[in-house]
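Participant: This is the structure I want to talk about, given as structure tokens.
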Amino acid sequence: MTSRASVSHVNLLIRGGYVLTMDSAGDVPGGDVHVRDGVIQSIGRNLEVPEAELFDASGKIVLPGLVDTHWHMWNTLLRGMSDGNPVSSPAGAGTDRGGYFATCTAVGRHFLPGDTYAGTRLAAAEAIDAGITTVHDWSHNIRGREWAEAGLRALTESGLRARFSYGYAQGHGNDRLMALDDLADLAAAWPSYAADGRIHLGMAWRGTGGSNPAMRVAPELYRAEIAAARELGLPVTVHASGPAAAAGQLLTYAQDGLLGPDLQAVHLNNASAAEIAVAARAGTPVSVSPWTELQIGYGQPVTGELLAAGLPVGLSVDTTMLSGNADLFAVMKVTQACANGQARHEFALTARDVLRLATIDGARTLGLGQETGSLAAGKRADVIVVSADAPNLAVLTDPARLLVTAASPRDVELVVADGRILKRDGVVTAVDIPDVTRSARTSLARVLARASA
């Protein structure tokens, strides 16, 4: 992957597109967006910037880069393996029904730092291609400082904006603390990893542990872990009340006084109405991943209930082991369909509502709403342009509805992240795709060989 230093800030005038600012300023049909020095300089019509490079966006949709709020980027290397573990059943895919969690643990134990780099690098390349300019790397296979540094290197090289949430290792004993000293050391050295403020540090917290009672974490341990993160001033994220067996987790955190704006709760499919109300009063942000939640059997997403309670909500890729790809357009589509189907109302969640979840609302759940998620002068320049030329679009009617129901990553023509062009004319330019995929295949082969030895 091209290093950050080799991709320069651009002085770019995006001319004549249908601009969805996702800001209080509203839409600007036939609008221009001027980007310079990594910042949005101005938005309007017929802007005059003689020194800027022109990008013709006529007949195209201009919007903020999409925001992912929870993604296990390291296990992108294991795409397609959630139905079975080829380590134990190499002759027949899916014959060993270990499932997502068992496969993650069995194979994840054999990751070396280079494998974490390869998986995160592959995920970052796909994010760029899909128009995602902000990612939340929920890194829950950190087996030592070198693994964290490998993931961070991939994020830094990608040019993406990111939160890197430092987690635990797959197979980590539930009777042992997370590596809190390593986290503290990383936080102390953070200026050397922050990519000039583009990457932020957080904690991926185990909380009470898995839904299996045998995997529960003792209260004195999980309380010590979140206390350590808060002492370092770090935002925290935790899986909560996803599967039916995890019902009540959110109530436990509320009773322990742990909910708050700095604790992102992920999933909540089986949270009760009372728990959702308590989380709303605490200002707890939520990340939902309807595509993977359905696939893994957590039940219906509860996006509508969360929004009705006033909770801040963002959308999530979660893991391409389950979703197959990082198509946030498809995640938007299924989010709207599920919410409206459950409400038995065509407009319970509108296309523009769900587009907000994938842009400004998602950014706010990560504490990044002042930097990204909408187009406004002074914000960081995270901008994408979606072409309407392909047959799946073709006509430019309601831009928000087209993005949610008809667009796909192949329609993303331009990606600008922090004022740097990462994809142009439909081709990823910041990443050597053949090298990324070749390295991923090589890395996976080595992981599986170690796992089967």
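The values are calculated or read from the model by the stated rules, or taken from the named source; none is laboratory data. None of the values given here were measured: they were computed from a predicted structure. Positions of Cβ are backbone-derived with ideal geometry, glycine not excepted, and every protein chain shown enters the neighbour counts. Accessible surface is based on the protein model in full, side chains and every heavy atom, while ligands, DNA and RNA are left aside. Shrake-Rupley method; radii C 1.70, N 1.55, O 1.52, S 1.80 Å.
Participant: From the helices alone, meaning DSSP H stretches of at least four residues, give me the mean residue ellipticity at 222 nm for the chain, per-run term -39500 (n - 2.57), in deg cm²/dmol to the nearest 500.
Facilitator: -10000 deg cm²/dmol
Participant: Moving on to the next point. Would you mind classifying segment 327-416 by shape? Square roots of the alpha carbon gyration tensor eigenvalues, ordered a ≥ b ≥ c; an a/c under 1.5 is rounded, otherwise it is prolate if a/b is larger than b/c and oblate if not.
Facilitator: It comes out oblate by the Cα gyration axes.
Participant: Going by average Cβ neighbours within 10 Å, how do the peptides 353-363, 277-287, 419-429 rank, with the highest at the top?
Facilitator: Peptide ranking by packing, descending: 353-363, 277-287, 419-429.
Participant: When the Karplus curve 6.51 cos²θ - 1.76 cosθ + 1.60 is applied with θ = phi - 60°, which whole-Hz ³J(HN,Hα) does each residue of segment 389-401 get, with x for Gly and Pro?
Facilitator: 7, 6, x, 6, 10, 6, 10, 9, 9, 9, x, 5, 5
Participant: Here's something else I'd like to know. Accessible area of the chain with a 1.4 Å probe: how many percent of it is carbon plus sulfur?
Facilitator: Here carbon and sulfur together make up 52 percent of the probe-accessible area.
Participant: Tell me, what ³J(HN,Hα) does each residue in segment 41-58 have, in order and in whole Hz, if you take phi through Karplus 6.51 cos²θ - 1.76 cosθ + 1.60 with θ = phi - 60° and put x for Gly and Pro?
Facilitator: Couplings: 8, 6, 9, x, 10, 6, 5, 10, 9, x, 7, 7, 6, 9, 10, 7, 10, 4 Hz.
Participant: Additional query: Antiparallel versus total DSSP beta bridges in the chain: what percent is that, nearest 5?
Facilitator: Close to 45 percent.
Participant: If you take all C-alpha pairs in segment 281-391, what percent of them are over 16 Å apart?
Facilitator: Cα-Cα pairs of segment 281-391 separated by over 16 Å account for 62 percent.
Participant: Give the separation of the Cα centroids, segment 359-395 to segment 6-43, in Å.
Facilitator: Their Cα centres are 10 Å away from one another.
Participant: Shifting gears a bit: Taking θ = phi - 60°, what integer Hz values does the Karplus form 6.51 cos²θ - 1.76 cosθ + 1.60 yield along segment 364-369, in sequence order, with x for Gly and Pro?
Facilitator: Going residue by residue, I get 5, 5, 9, x, 10, x Hz, with x marking Gly and Pro.
Participant: Under unit Cβ charges (Lys, Arg +1; Asp, Glu -1), what dipole magnitude, rounded to 20 debye, does segment 155-210 have relative to its Cα centre?
Facilitator: Result for segment 155-210 is approximately 260 debye, rounded to the nearest 20.
Participant: Now a separate question. Taking H as built 1.01 Å from N, whose amide H comes closer than 5 Å to the amide H of M203, not counting residues under 5 places away?
Facilitator: HN-HN under 5 Å from M203: Y166, V236, T237.
Participant: State to the nearest 20 debye the size of the charge dipole of segment 187-299 about its Cα centre, where the only charges are +1 on K and R beta carbons and -1 on D and E beta carbons.
Facilitator: 60
Participant: Could you pull out every one of the lysines with an alpha carbon less than 23 Å from that of K379, ignoring same-chain neighbours closer than 8 positions?
Facilitator: By straight Cα distance, K379 reaches K60, K423.
Participant: Answer with one residue from V385, P399, L368: the one whose Cα lies farthest towards the positive end of the charge dipole of segment 346-406, charges on Cβ with Lys, Arg +1 and Asp, Glu -1.
Facilitator: It is L368, whose Cα lies furthest towards the positive end.
Participant: Would segment 130-264 count as rounded, prolate or oblate if I go by the C-alpha gyration tensor, calling it rounded below 1.5 in a/c and otherwise prolate when a/b exceeds b/c, oblate otherwise?
Facilitator: Cα axes put segment 130-264 in the prolate bin.
Participant: Next question, about the same structure. Kindly rank 344-350, 44-50 from highest to lowest mean number of other beta carbons found within 10 Å of each residue.
Facilitator: Most protected by this proxy first, the peptides run 344-350, 44-50.
Participant: How much accessible area per residue does segment 303-453 have, counting only protein heavy atoms and a probe of 1.4 Å, in square angstrom?
Facilitator: 39
Participant: Then there's this: Lys and Arg at +1, Asp and Glu at -1: add these up for the other residues within a Cβ distance under 11 Å of A390 and post the number.
Facilitator: Local charge sum for A390: -2.
Participant: Okay, next question. Counting only residues 5 or more places away or on other chains, whose amide H sits under 5 Å from the amide H of S139 once H atoms are built in the peptide plane?
Facilitator: Distant-sequence amide H within range of S139: S165, G167.
Participant: Strictly greater than 28 Å: what percent of every Cα pair in the chain meets that?
Facilitator: 48
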